[in-house]
Every structure is written in structure tokens, then in C-alpha cells.
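Heads up, the thing below is written out as C-alpha cells.
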Amino acid sequence: MKIAIDAMGGDNAPESVVKGALNARDEFKDLELILYGDEQQIRALIANDERIKVVNTTEVIGMNDEPVKAIRKKKDSSLVVAANAVKAKEADALFSCGNTGALLTAGLLLVGRIKGISRPGLLSTLPVVSGQTGAFNLLDSGANADSKPEHLYQYALLGKYYAQNVRGLKEPRIGLLNNGTEPHKGSKLTQEAYQLLAADESLNFVGNVEAKDLMQGVCDVVVADGFTGNAVLKAIEGTALAVMSLLKDTIKNSGTKGKLGALLLKDDLKSIKGRMDQAQYGGAVLLGVKAPVVKAHGSSDARTVYYTLKQIRTMIHEEMVPNFTTYWQAQQALAKEVSNGGKATE
């Protein structure tokens with residue numbers, strides 16, 4: 001399995017990217033990692049280049065670069081060269097901690113959409129606090145600010161496939177993000193999307209879900225337009241960081257009694273921190289393109305990079321994209337047959 005890595009993308013690149021890549025290489029013997037970027041900087045961080053290839057590039061797409069312009073003008077940037085390698089099938093997947101918009105643009109323009117997918121969406125995985133373990137997927141979490149009902153329906157199919165093939169859930173529960181649980185609640189977009197989701201008997205659709213219930217495990221896949229999804233994603237991430245910071249400051253400033261209590265609860269506090277740790281779930285996946293395209297936070301450390309590469313490995317190993325493409329083409333052919341008056345068969 002070959003993964004093309006934008007080694008220069010992110011706040012801590014290339015150090016954290018290379019370190020995380022080496023950790024993944026050491027654990028998974030079936031991985032070959034191709035690092036794109038400043039060869040001199042990258043090689044200085046590598047002691048053992050077994051199953052590591054470095055491709056020198058001369059440009060970097062910065063976090064503040066305008067995405068489409070950067071993709072078109074910076075042809076020798078680490079991100080563009082890596083994306084073109086995936087397009088040419090020299091690598092199986094693309095990974096970056098860099099400019100989100102540029103990565104999405106590279107995924108759409110260079111890697112390319114799966115035929116029939118109108119708007120590929122960004123899928124993020126977030127923790128569930130009810131129970132000992134668990135997570136839910138949020139799709140779209142920021143790729144498309146504006147959506148149509150059919151886009152949200154496609155996100156449900158994409159999210160279901162990801163949850164089944166990467167997370168191992170047999171019948172993932174699909175929820176539609178809304179401002180109330182009643183079927184008639186929401187905007188025209190969500191009301192029409194509700195009807196599409198409810199009409200598909202292949203989906204385990206649990207109806208509308210509210211943002212306040214997401215971390216309680218109300219469903220496994222949450223469908224939303226990209227503007228709303230991204231706002232919810234950042235609200236959850238910000239709240240989690242604020243709560244952990246508040247807890248830390250409270251313990252720190254509570255005197256001897258508080259510090260003693262924290263010492264007695266040390267293992268429990270570590271457990272809480274572990275359950276809220278988003279890094280263990282990997283990066284955000286652009287679903288609906290012809291190969292895995294995955295984005296991690298710009299501030300990602302080596303640990304996050306490692307988990308994201310582990311996530312990508314699972315996607316490649318389970319052949320998620322080829323299998324979904326075959327499934328989607330069959331669904332499109334069936335829909336066409338029905339619309340033409342033909343008799344649909346299983």
C-alpha cells in the first residue's frame with residue numbers, strides 16, 4: 001500500500017509529519033510511504049529509509065493561500081505533486097495536514113470525483129461520551145457550504161459505507177442534523193432531505209437528531225450541509241478543549257486538597273482525556289473521490305499523523321473506494337432502469 005504524503009503541510013511540518021510517518025512505517029509492514037517536499041529537510045529527519053521514498057518539490061502551499069489559485073499556480077508544491085501521483089495511480093491515497101481548501105480542491109480537480117457523486121463531502125469522526133468507547137461520523141463537515149437535498153442523501157450513503165467498511169458497523173444508524181427531532185422541523189433543505197432518507201429502506205435512518213445529543217451516541221452517522229456541519233464540528237472541538245482546560249485550571253488552583261483529589265483520581269482523569277481524544281480516530285476524509293484523500297489538523301503532532309495513516313491503511317485494505325464505486329454504479333444503473341420503465345431486480 002502506497003500513501004502519498006504532503007510532508008510540508010501543517011504548522012509542525014515536516015518534523016511531526018515525518019516522525020508520525022516513520023512510526024506508522026515501523027508498525028505496519030505492508031505500508032510504503034512517499035514523502036513530498038524539501039528533500040534536504042526531510043532526509044535529515046530519517047535514519048532508516050526502509051519503505052520510505054522522498055520526492056523533492058520546490059514549492060509549498062501555505063495556510064493562507066487561496067486554494068484554487070494555489071493548486072493551479074504552484075505546480076511543484078508538495079501537495080500538488082502528491083495529488084498528481086495519486087491521479088496517475090503511483091500511490092493509493094493522499095494525506096496532508098496543510099491548507100484544507102487546497103486539499104479539497106486537489107481531491108476534486110486532480111484525484112477526481114466518482115461518477116454520479118454530485119458533491120464529495122468531508123467526513124469527520126468525533127467521540128461519544130456515553131459508554132466506555134464509541135464515536136460518530138459527521139458528514140459534510142466543511143467541504144460544501146451550500147447543499148441540495150440529493151447531496152445530503154448521497155452523504156448518507158457515503159457515511160453508511162464508511163461506517164461499515166472502516167469502523168466495522170453492520171447497520172450504522174443514520175441521523176439528519178436538525179433543530180428538532182420531529183419530521184416536520186427544519187428548513188426546506190432538511191425537510192426534503194428527510195423524505196429522501198426515509199424513503200430508502202436500505203438505510204437505517206433514525207430521523208432528525210439535535211446537536212445537543214450527538215455526543216450521547218444518538219446515531220453513528222450524522223448528515224448535514226457543510227456550513228452547519230463545520231459549525232457543529234468546531235463547537236464540539238472548542239467545547240472539549242475548554243472543558244479540559246477548565247478542569248486542569250481548577251485542579252491547579254484548588255490547593256493541597258484539590259491536588260490530592262486529582263492524584264487519587266489520576267487514572268479516571270486519564271480515561272476521560274483518552275475518550276475525548278479526537279486524534280485516535282484519524283483525520284477527516286473527503287468521500288466521493290476516486291481514492292482516499294484525508295486531512296488532519298494543521299496543528300497535528302506525530303501521534304495524530306500516525307493514527308491518520310493507520311486510518312488510511314484500513315481504507316485501502318478494505319478497498320472502500322473501489323467497492324463503493326462498484327456499489328454506486330449499480331445503484332445508478334438500477335435507478336436509470338426504473339426511470340426508463342424497466343423492471344428493477346435485486
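The values are calculated or read from the model by the stated rules, or taken from the named source; none is laboratory data. None of these values were measured; they are calculated from a predicted model. With ideal geometry, Cβ positions are generated from the backbone for all residues, glycine too; neighbour counts draw on all protein chains shown. To get the accessible areas, we keep the full protein, side chains included, count just its heavy atoms, and leave off ligands, DNA and RNA. Shrake-Rupley method; radii C 1.70, N 1.55, O 1.52, S 1.80 Å.
Some notes on this structure:
- Protection proxy ranking, peptides 249-256, 48-55, average beta carbon neighbours within 10 Å, highest first: 48-55, 249-256
- Most mobile of L103, L126, L264 in a GNM of the chain (Cα contacts under 10 Å): L264
- Ellipsoid equivalent to region 23-84 - semi-axes via the Cα gyration tensor, in Å: 26, 12, 9
- Residue pairs, from the table K19/K252; K2/K73; K73/K234; K160/K295; K170/K310; K19/K290, whose Cα atoms sit over 23 Å apart: K19/K252; K2/K73; K73/K234; K19/K290
- Across the chain, C-alpha contacts under 8 Å between residues 6 or more apart give a mean separation that, scaled by the residue count, equals a relative contact order of 22 percent.
- Residue-averaged [θ]222 nm for the chain, counting only DSSP H segments that reach four residues, each worth -39500 (n - 2.57): -14000 deg cm²/dmol
- Antiparallel DSSP beta bridges within the chain, as percent of all bridges there, nearest 5: 30 percent
- Using a probe of 1.4 Å, the accessible surface attributed to Y194 totals some 40 Å² when neighbouring protein chains are kept in position.
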